[in-house]
Amino acid sequence: MPAEPDVPIPPGQLAERAALVHALALRLGAQVRETHISWILLTPEFAYKVKKPVRFAFLDYTTLQRRRHFCHEELRVNRRTAPSLYLGVARITGKPSAPEIDGPGPVLDYAVHMRRFADGALFSERLAAGVLSAREVDGLAAMLAAAHAAAPVSRRAPAAQSSKLSRALAALDGVRPVLSAAKCDQLREWLEAGARKLWPEWVERRRKGRIRECHGDLHLDNIVDLDGHPAAFDAIDFEPALRWIDIAEDAAFPVMDFAARGRPDFAWRFLNEWLDATGEHDAAGVLRYALVYRALVRAQVEHLRAPNGHAVASYVRAALEWSQPAPPCLVITHGLPGSGKTFQSQRLLEQIGAIRVRSDVERKRLFGLGALESSRARGLDIYSRDATTRTYERLFALARILLAAGFSVVIDAAFLKRGERDVARELARTCGARFEILACQAPDEILQQRIAARTSDASEADAAVLRQLRAAMDPLGPDEETRRSARSCASAS
């Protein structure tokens, strides 16, 4: 097949290309939906996405050769997270007045060939309908963590601090008409100060391989329930700089979007599941900056669609709230294995909006184990005194980083020794955080039943560990009794 000439379409031919698309839709019996950069033809079984011959500051689809290239790029980047959705790149052939898919004759254009998914399957639609489940949120977190682990890594010289800041300020400028001068100045100052503070961390995270080829546009309109599993589609194909980003920045998008759409419980659930899987708690500062940036990006997009729409106000409000968090709270759990600490702390983190660090997960991470891997199968003693000391040191170090970034923290650990609880209380004081103890209790018979029934659980505490811990525990003192509930944190959030 001869190479297509790399010649821009002359002015006025956008209308001719639109006519081609509508002629193809007529032949296929397809509906046509349109965005500012593409047409989507929907048949009962398939979708064909045709890129418009347009040029913007962030993309250039003006030639047939470029559109072919970016169709293949779209296929490549999206098959990572939605392999069964993306079927290939189709040729639009024949005559402009009678085009067809992959037929004889010259190539007129190209289309990304996809399965058509069911109406109402988008996460945004399922959320609005009230049918999106916690299980689906957990599945999304697991899928994204796996995608990030498998993604190619970039360790090239980082983009200039000014580039990161300029993108954030450009998004802010896009919503200036709906912001007061005071709020606009507040956000600008926050973005500028944050970029200066985070620059060394951005550089270090690139050195550590945290800049990877990500999705880049992971809001809830780009996530779908496909065959009972979450799939992310419509990743950015046109600008590598928007796709090669910190994995924490990629994960921030659904967190922000869940919260802006009125489900902060899902936002915190998703974030905690992703953090448990990736161990990226030390990216707290990067994460908060990304939450504000992503909210501004979505506000800018929605402002272009409907300047006075409800969505614009929701995303602007989200940007302001993420940039000015309430004073954080540090909650520690207290209780023996099987007393319900993880269950109760899960409910709490969704209620007050907090990041949880789990001793069962971090203990295993210190030994190079996944959350559900067996230490006994590897011959490791992860419950030794030294292992426990290292685990608590890790929990306190992570909590300090998270509190410094303005996040409330729940440490899910036994905290059976008074000394451990005192260290946590002092940590809260030095970080300017309120301190609470969430005490969990259950009869001994129930504890043993729960431990024996565990199957898929990060904890490996057995009856012997339970006896050992019960014998060594320090009961809560009279001065600690007043802190046995986390309700004050919840009411202040």
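Quick note: the coordinates plus some simple rules give every number you see, no bench work behind them. Note that this is a predicted model, so its numbers are computed, not measured. With ideal geometry, Cβ positions are generated from the backbone for all residues, glycine too; neighbour counts draw on all protein chains shown.
Determine the gain in length on full extension of the stretch residue 384-residue 197; use 0.36 nm per residue of separation and subtract their C-alpha separation, reporting nm with one decimal.
Using 0.36 nm per residue and subtracting the Cα-Cα distance, I get 63.4 nm.
Determine, from the Cβ-Cβ distance of residue 462 and residue 142 and an R0 of 22 Å, the FRET efficiency 1/(1 + (r/R0)^6), rounded to the nearest 0.05.
Using R0 = 22 Å, I get an efficiency of 0.25.
For Cα pairs less than 8 Å apart in space and 6+ apart in sequence, what is the mean separation divided by the residue count of the range 31-147, i.e. the relative contact order in percent? The partial results should precede the final answer.
Details: 169 pairs, mean separation 24.8, N = 117.
Across the range 31-147, relative contact order equals 21 percent.
Between residue 163 and residue 180, what length in nm is gained on full extension when 0.36 nm per residue of separation is reduced by their alpha carbon distance?
So the chain would gain 3.6 nm between residue 163 and residue 180.
Return the sequence-ordered ³J(HN,Hα) values of the range 196-210 in whole Hz as given by the Karplus equation 6.51 cos²θ - 1.76 cosθ + 1.60 applied to θ = phi - 60°, using x for Gly and Pro.
3J(HN,Hα) across the range 196-210, in whole Hz: 5, 5, 8, 3, x, 5, 4, 5, 5, 5, 5, 4, 7, x, 8.
Compute, for the range 329-492, the length of the dipole vector about the Cα centre, with Cβ point charges of +1 (Lys, Arg) and -1 (Asp, Glu) only. Units Debye, rounded to 20.
In total the dipole reaches around 240 debye.
For residue 473 and residue 45 in one chain, what is 0.36 nm times their gap in residues minus the Cα-Cα distance, to one decimal in nm?
Length gained, residue 473 through residue 45: 147.9 nm.
Per residue of the range 287-295, what does 6.51 cos²θ - 1.76 cosθ + 1.60 with θ = phi - 60° give for ³J(HN,Hα)? Whole Hz please, x for Gly and Pro, Karplus curve as stated.
4, 5, 4, 5, 4, 5, 4, 5, 5
Give the value in nm², to one decimal: projected area of the alpha carbon convex hull of the range 180-328, averaged over all directions.
10.1 nm²
In terms of Cα to Cα distance under 26 Å, which lysines are near enough to residue 52, apart from those fewer than 8 places away along the same chain?
Partners found: 95.
Express the relative contact order of the chain as a whole percentage, based on alpha carbon pairs under 8 Å and six or more residues apart in sequence.
On the way: 795 pairs, mean separation 57.1, N = 493.
Worked out over the chain, it gives 12 percent.
Taking the number of other C-beta atoms within 10 Å as the exposure measure, put 48, 289 in order starting with the fewest.
The order, fewest Cβ neighbours first, is 48, 289.
In debye to the nearest 20, how big a dipole does the range 123-323 give about its Cα centre with +1 on each Lys and Arg Cβ and -1 on each Asp and Glu Cβ?
Working: 26 positive and 28 negative charges, 143 e Å.
It works out to roughly 680 debye.
How far is helix 385-404 tilted off the main Cα axis of the chain, in degrees rounded to 10, range 0 to 90?
50 degrees
If you plug each phi of the range 417-422 into the Karplus form 6.51 cos²θ - 1.76 cosθ + 1.60 with θ = phi - 60°, what whole-Hz ³J(HN,Hα) values come out, in order, with x for Gly and Pro?
9, 4, x, 5, 5, 5
Mind putting a number on the dipole of the chain about its Cα centre? Charges go on the C-beta only, +1 for Lys and Arg and -1 for Asp and Glu, and I need it in Debye to the nearest 20.
Result for the chain is approximately 640 debye, rounded to the nearest 20.
What number, in percent, do you get for the relative contact order of the range 329-492 if the mean sequence gap of Cα pairs under 8 Å and at least 6 apart is divided by its residue count?
Relative CO of the range 329-492 lands at 40 percent.
With a 10 Å Cβ neighbour count serving as the proxy for reagent exposure, in which order, fewest first, do 43, 35, 333 appear?
35, 43, 333
Take the alpha-carbon centre of the range 287-312, take the same for the range 98-168, and report the distance between them in whole Å.
Rounded to whole Å, the Cα centres lie 18 Å apart.
What is the angle, in °, between the Cα long axis of helix 247-260 and the longest principal axis of the Cα atoms in the chain? Nearest 10 is fine, range 0 to 90.
Roughly 90 degrees, rounded to the nearest 10.
Please list, or write none, the lysines whose alpha carbon is within less than 30 Å of the alpha carbon of residue 208, excluding same-chain residues fewer than 8 places away.
Hits, sequence-local ones excluded: 164, 197, 364.
Could you give the angle, 0 to 90 degrees to the nearest 10, between helix 341-352's Cα long axis and the longest principal axis of the Cα atoms of the chain?
60 degrees
Going 7 Å from the Cα of residue 156 along its beta-carbon direction, which residues of the range 226-241 have the amide nitrogen within less than 15 Å of the resulting point?
Flagged as within label range: 238-241.
Report, by chain and number, residues whose modeled amide H sits under 5 Å from the one on residue 38, excluding near sequence neighbours (fewer than 5 apart, same chain).
It is 52, by chain and number.
Hey, can you grab everything whose amide H is under 5 Å from the amide H of residue 226? Only 5+ residues off in sequence or another chain; H modelled, so Pro and N-termini drop out.
Excluding prolines and chain starts, which carry no amide H, the hits are 231.
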